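To keep things clear, I will list the structure first and then write my remarks on it.
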Amino acid sequence: MSSVHLTPKQLIIGITVAIACFLPPFIGSATGLIASDIIGFFGYEAAFGSGLFPWIFTVYTLTSTVFLIPAARLADKFNKKIFFTIGVLLLGAGSLGIGLSPTIEVMLVMRAVQGVGNALMFGTAIALLADIVPEKHRGTAIGVAMTGVFLGQLAAPLTAGALTNLFGWSAVFIVLCPVALISFVLSIIFIPKDKPKDTGKFDWIGTLIFIAGMTLAVYGFSKLPETAAIASLVAGIILMILFFLYEKRNANPLVPVNLILHNKSFTFNSSANLLYYIAIYSMDSLISTYMAELWGIDDPLLRALIITTEGLILALFTIVAGRFFDHMLPKFILGLGGVLTVVGIAGAVLMGTAQTDALWLTGAIIFASIAAFGIGSIILGIIDRIVKNAPPKFATCLGLLIIIAGMAVFLTSGEQMNLWLLIIVEALFGIGIAIFVTPNSTAIMNSVTEKEYSLASGTLSTVRMLGMALSFGIVAILETAFITGAAETYAPEFLTMLHGTILASIGVLIVALLLSWFGGGTKKVA
C-alpha cells in the first residue's frame, strides 16, 4: 500500500475543481424543486400544459449536451485552463442572470448560458486533473472532484427549499455566484497553464453536423410521443449516423472513431457509464413521487430528507472509494468500518418505530449513513487486502451490484408506508454509486493518451447528460403507457409502472456490469 498522498498543490486544484463541479448538480436538483415557483413568479400558471415548463430543463440539457465534446476538443487545441475558468464564470453569470431575470424569456436565455458554462467546465474538469495528477493518485484526485458533484446533489433540495421559503426562488441562483467566484479565483491562481496536446486542424464541419444531430435527437426524445418529436428524433439519428461515417474518413475528426472502435476499455466503460445514468438518474424523482402520491407525504421537506440519505453517503464515501482505487486505504479502515457499522445499526434500532417528522427522519438518516459508511469500508478494505493491484472492474462491478441490491429492495415497495425501506434503498444507492463512479471515471481517463484527455472528459459529461435525458424520457413514456389518470386506479397503475421501471433498470445495470467486467483497463501501478 502506497503511503504517498496528493501534494498540497494537487489537493488545492482538486478542491478547486470540486467547487466548480458542485454547481451543475446543485443547479439541476434545485431547478427541479422550484420550477413551479419560477413559473408562478412569471405568471404562467398553465405553463406545464403549454409546453413552456419543460423548456426550463430542455434549454439547459440541450446546450450542455451539444457543446460538451466540441468544447473539450477546442480546449485540447488551445488551453484547458482557459476553457475551464470561462465555464465557471458562465455558470456564475448565468445563475446571477436567472436570479435577476425580469421576464421568462431572459431567464431561458440565462439557462442556455448556464448550459454552455457547464459544457466548458465539465468538458475540461477531469482532463485538468488527469494532466496534473500522476496516474497512481488519479483515483484520489477524481474522488475529490466527484465529492463536489455529490455535495451539490446533497445540498440542493434542503437549501433550495429553505431559501425559497425565506427569500424567494431567485435567491437559490444568486447564492451560487460567490461559489462560482471562489472556484474562478482559485483556478486563476493555482491551475497551471497547459500546452495544447492536439495541434491538428479543428473539425468544423463535423462539429456542425454533431450539434445539429444531437439537438434534434435530444429534443425529439424529450418530447415523445408527439408526432413532431418522432420526426425530430429520426432526423437527429440520421444526422448522427452521417456524422459517424464522416468522422470515420476524416483525418482530423471531432471524435476519433478509431478510439471508439478499437479502444475496448474506453468504449465499454463509457457505455457502462451511460447505462448506469439511464438506470439510476430518475430513481430519486420516482421515490419522491411514490412517497407523495401513494404514501401521502405532502411535505417536500420530509421527502427531501429521505432522498438526502443518498447524497450524504456519497459526499462522505466518495473519497474513500477513490483512495481504494489508488490502493491508499489506511490500515485501520477495517476496524473503523466495524465500529461504524455497529454504531449505525445500534442507533437505527434505538430509533424505534418510524415516524413522519423531520427530527425522527434526520436521526434515522444519520444512523443509516454511519452504518452504510461502515459496511462500505469493510467491503473495500477486504477487497484491498485480498486482491492486490485490483483493476477498476472490481470496484465498478461491486458498485453496480450494490445499486442492483437497492433496486431489489425497492421492488418490495407497496401502498403501505415503510420509511425504513426507502432509507435502506437510498443508503444502498449511495454506497453503490460512490464505489462505481470514481473508478469508472478513472478507468476511462486511464484508457486514453494525453492528447485525448479532454475528449475523454467531454465524453464523460456528455454521457452523463444523455443518460439523464434518456432516464427521464423513458419514465415519461412508461407513465403514458401505464397510467390512465383515473383516481380509483392510480395507485395500482403507478405501482405497476414503478415496478416495471425498476425491473428494466436492473436489466440495464446487469448489462452495465458485464461491460464493466469485460472492459479491461487494468490499473497501472508505478
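Quick look at the numbers
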item: Subset tally (residues that are modelled with pLDDT under 85 and either assigned to a loop (DSSP other than H, G, I, E, B) or closer than 17 Å to Ser457 by Cβ (or both)) for region 259-274; result: 3
item: Any chance Glu247 is touching a residue at least 24 places away in the same chain (Cβ under 8 Å), out of contact with any strand residue (DSSP E or B) (no Cβ under 6 Å at 6 or more places or on another chain) and closer than 29 Å to Leu33 by Cα; result: no
item: Residues (out of contact with any Lys or Arg (no Cβ under 7 Å at 6 or more places or on another chain), among the hydrophobic types (A, V, I, L, M, F, W, C) and under 26 Å from Tyr453 (Cβ atoms)) located in region 192-216; result: Trp204, Ile205, Leu208, Ile209, Phe210, Ile211, Met214
item: Members of region 408-417 that are closer than 19 Å to Gly311 by Cα and open to solvent by less than 40 Å² (accessible area, probe 1.4 Å); result: Phe410
item: Filtered residues of region 124-147 (kept if among the polar types (S, T, N, Q) and either open to solvent by 10 Å² or more (accessible area, probe 1.4 Å) or without any contact (Cβ under 8 Å) to a residue 40 or more places away in the chain (or both)); result: Thr147
item: Qualifying residues in region 171-215 (those that are among the hydroxyl-bearing types (Ser, Thr, Tyr) and within 24 Å of the chain's Cα centre (by Cα)) - the one farthest from Ala127 (Cα to Cα); result: Thr215
item: Test: residue in region 275-293 that is open to solvent by 40 Å² or more (accessible area, probe 1.4 Å), of a type in the set (D, E, K, R) and assigned to a loop (DSSP other than H, G, I, E, B); result: no
item: Lys331, sole failed condition from (1) without any contact (Cβ under 8 Å) to a residue 40 or more places away in the chain; (2) surrounded by fewer than 21 Cβ atoms within 10 Å (Cβ to Cβ); result: (1)
item: Hits in region 294-312 - residues which are free of Cβ contacts under 8 Å to residues at least 24 places away in the same chain and outside any loop (DSSP other than H, G, I, E, B); result: Arg303
item: Qualifying residue in region 87-102 (condition: modelled with pLDDT under 85, closer than 27 Å to Pro192 by Cβ, of a type in the set (A, V, I, L, M) and open to solvent by 10 Å² or more (accessible area, probe 1.4 Å)); result: no
item: Hey, Phe317 closer than 30 Å to Thr449 by Cβ and open to solvent by less than 40 Å² (accessible area, probe 1.4 Å) or not; result: no
item: Qualifying residue in region 421-435 (condition: more than 21 Å from Thr341 (Cβ to Cβ), out of contact with any Leu (no Cβ under 9 Å at 6 or more places or on another chain) and either at pLDDT 90 or above or in a helix (DSSP H, G or I) (or both)); result: no
item: Count of residues meeting criterion [more than 24 Å from the chain's Cα centre (by Cα) and surrounded by fewer than 17 Cβ atoms within 10 Å (Cβ to Cβ)] in region 363-407; result: 8
item: Conditions (1) open to solvent by 40 Å² or more (accessible area, probe 1.4 Å); (2) within 30 Å of Val133 (Cα to Cα); (3) of a type in the set (D, E, K, R); number of the one not met by Glu310; result: (1)
item: Per-region count, region 442-458, residues open to solvent by 10 Å² or more (accessible area, probe 1.4 Å) and touching a residue at least 60 places away in the same chain (Cβ under 8 Å); result: 7
item: Only listed residue being in contact with a helix residue (DSSP H, G or I) (Cβ under 8 Å, 6 or more places away or on another chain), open to solvent by less than 30 Å² (accessible area, probe 1.4 Å) and free of Cβ contacts under 8 Å to residues at least 24 places away in the same chain, chosen from Val218, Val257, Val234; result: Val257
item: Residues that are open to solvent by 60 Å² or more (accessible area, probe 1.4 Å) and part of a loop (DSSP other than H, G, I, E, B), drawn from region 166-214; result: Val175, Lys193, Lys195, Pro196, Lys197, Thr199, Lys201
item: Qualifying residues in region 14-28 (those that are surrounded by fewer than 24 Cβ atoms within 10 Å (Cβ to Cβ) and within 16 Å of Ile188 (Cβ to Cβ)) - the one farthest from the chain's Cα centre (by Cα); result: Ile15
item: Residue within region 243-265 that is closer than 29 Å to Ala443 by Cα and among the small types (Gly, Ala, Ser) present; result: yes
item: Boolean, Leu470 is aliphatic (A, V, I, L, M), modelled with pLDDT of 85 or more and either over 29 Å from Leu224 (Cα atoms) or open to solvent by 20 Å² or more (accessible area, probe 1.4 Å) (or both); result: no
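The values are calculated or read from the model by the stated rules, or taken from the named source; none is laboratory data. Treat the numbers as computed from the prediction; the structure is a model and nothing was measured. We place every Cβ from the backbone using ideal geometry, glycine too, and count neighbours over all the protein chains shown. SASA here: full protein model, heavy atoms, side chains in, ligands and nucleic acids out. Shrake-Rupley method; radii C 1.70, N 1.55, O 1.52, S 1.80 Å.
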